[in-house]
1. Being within 20 Å of Asp346 (Cβ to Cβ) and either in contact with a His (Cβ under 8 Å, 6 or more places away or on another chain) or not in a strand (DSSP E or B) (or both) is the filter here; which residues of the range 152-175 pass it?
2. Exactly one of these conditions fails for Met365: (1) more than 27 Å from Glu233 (Cα to Cα); (2) in a helix (DSSP H, G or I). Give me its number.
3. Quick check on my filter: what residues within the range 341-365 are touching a Lys or Arg at 6+ places or on another chain (Cβ under 8 Å) and under 29 Å from Glu148 (Cβ atoms)?
4. Out of Leu69, Leu135, Leu75, Leu81, I need the residue that is under 27 Å from the mean Cα position of the chain (by Cα) and either crowded, with 18+ Cβ neighbours inside 10 Å or part of a helix (DSSP H, G or I) (or both). Which one?
5. In the range 234-251, what residues are open to solvent by less than 10 Å² (accessible area, probe 1.4 Å) and out of contact with any helix residue (DSSP H, G or I) (no Cβ under 8 Å at 6 or more places or on another chain)?
6. Could you run through the range 262-281 and say how many residues are basic (Lys, Arg) and surrounded by fewer than 13 Cβ atoms within 10 Å (Cβ to Cβ)?
7. Test each condition in (1) surrounded by fewer than 21 Cβ atoms within 10 Å (Cβ to Cβ); (2) at pLDDT 95 or above; (3) among the polar types (S, T, N, Q) for Thr259 and report the one that comes out false.
Amino acid sequence: MTSAVSGPVTGPAMPSQGGRPVPYDGAAHPAVAPRTRRTAAARALVTAGRRTLTTALLLALIPVAAAVLVVVTVLGAPVSLAAHGPWRPTRMACFLLLYLVVDLGGLLGATALFVRGVLAGPAARDRRAADAFALLARLLAVLRRATERLFRLRVEMTPALPPADRPPDVPLVILVRHAGLGDSFLLLQILLTEAGLLPHTVLKGALRGDPCLDVLLGRVPHCFLPPARGTAEDAIATLAAGLRPRDGLVIFPEGGNFTPGRHHRAVASLRRLGQYRRAARAARLHYVLPPRNGGSLAALAAAPTADVVFVAHAGLDVIASPRAAWSFLPFHRPVRVHWWRIPAADIPPGDEARGEWLLAQWERMDRWTAAQAVAETPHV
């Protein structure tokens, strides 16, 4: 379920606008401004082409998914009825069709918000972002209810979340374990609907292939990686610098879902870099990947008043592939989510100390995950 209004940074120090940094566009230098405008025009053209293509693909896939649903239901009914089976093909085809329809609905809703925002003028920027967050919350809530009905999803949260109508009085940097199918979508739904937070999310650029996400996230602060300009650390720092109370910067420091192969490659990479002590600690992690420091440390440096929230989860991690989804859906056990919060004052200073601290938190996450794991959970 991961990856802007706040884009990557290149150039001199960032000016501010309404308390949030705005990207330097080079306009102060007459030789730079024309190049910047040409680059922006080229990016806009690429974006328009991508969105046209993905929207056309979405429209084509909806009738295909509907046809697949009918076929698998008709062909699978005798077997499922005779064996009192779980109707897996029907459930999966139904969810696929619903996802595509929700995606189309979100795309139409985002278009309506865009038209209304143009009519409202630039002064309504915060209102446009609030409307986009509200639409995103509704779409994710629909998908979660469908998952609960079709796949018997249940979520157990420890400790209980604070009331949504009493958001934190400081911004949050939220560092999340990445494992299993749809974990990023479930987390965003919980943050928006149950925690009352506004997630500013770092996502993989591949998610631009979803036309609804591509358009809707363009209305709220976010960061696709790799960024169009500058480094990932620059882009994440810019996003973090704009955080306000009730905002949460969401990062998946592992960079991808856990697999044993990725774990071995991550440890080998640390050894090649000469980080032998860190590699030895990473090798002792069994259920999580060692966190990558760059984006997380950039966020902490850019948002010094932010508390840090760590989020571990177990239950989705057994669905590590389409084959595993076939075996483990519907869910037979709840998805357990555990979080802890560390005040900004308790975060050690300096990148080196923070890197050690971050790895220690991931060791804690590994121990918690091990206590929840079943035999089928991927591990090393």
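The values are calculated or read from the model by the stated rules, or taken from the named source; none is laboratory data. Treat the numbers as computed from the prediction; the structure is a model and nothing was measured. Heads up, the Cβs are rebuilt from the backbone with ideal geometry, glycines too, and the neighbour counts pull from every protein chain shown. Side chains included, ligands, DNA and RNA excluded: accessible areas come from the protein's heavy atoms. Shrake-Rupley method; radii C 1.70, N 1.55, O 1.52, S 1.80 Å.
1. Result: Pro159, Pro162, Pro168, Asp169, Val170, Pro171.
2. Looking at each condition in turn, Met365 falls short on (1).
3. Hit for the range 341-365 is Met365, nothing else.
4. From the options Leu69, Leu135, Leu75, Leu81, the qualifying one is Leu135.
5. Ala235, Gly242, Asp247
6. Summing the residues that are basic (Lys, Arg) and surrounded by fewer than 13 Cβ atoms within 10 Å (Cβ to Cβ) in the range 262-281 gives 3.
7. Result: Thr259 passes all but (2).
The rows are residues; the columns are (1) more than 30 Å from Thr90 (Cα to Cα); (2) touching a strand residue (DSSP E or B) at 6+ places or on another chain (Cβ under 6 Å).
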| site | (1), (2) |
| --- | --- |
| Leu300 | yes, no |
| Asp317 | no, no |
| Pro343 | yes, yes |
| Arg364 | yes, no |
| Arg367 | yes, no |
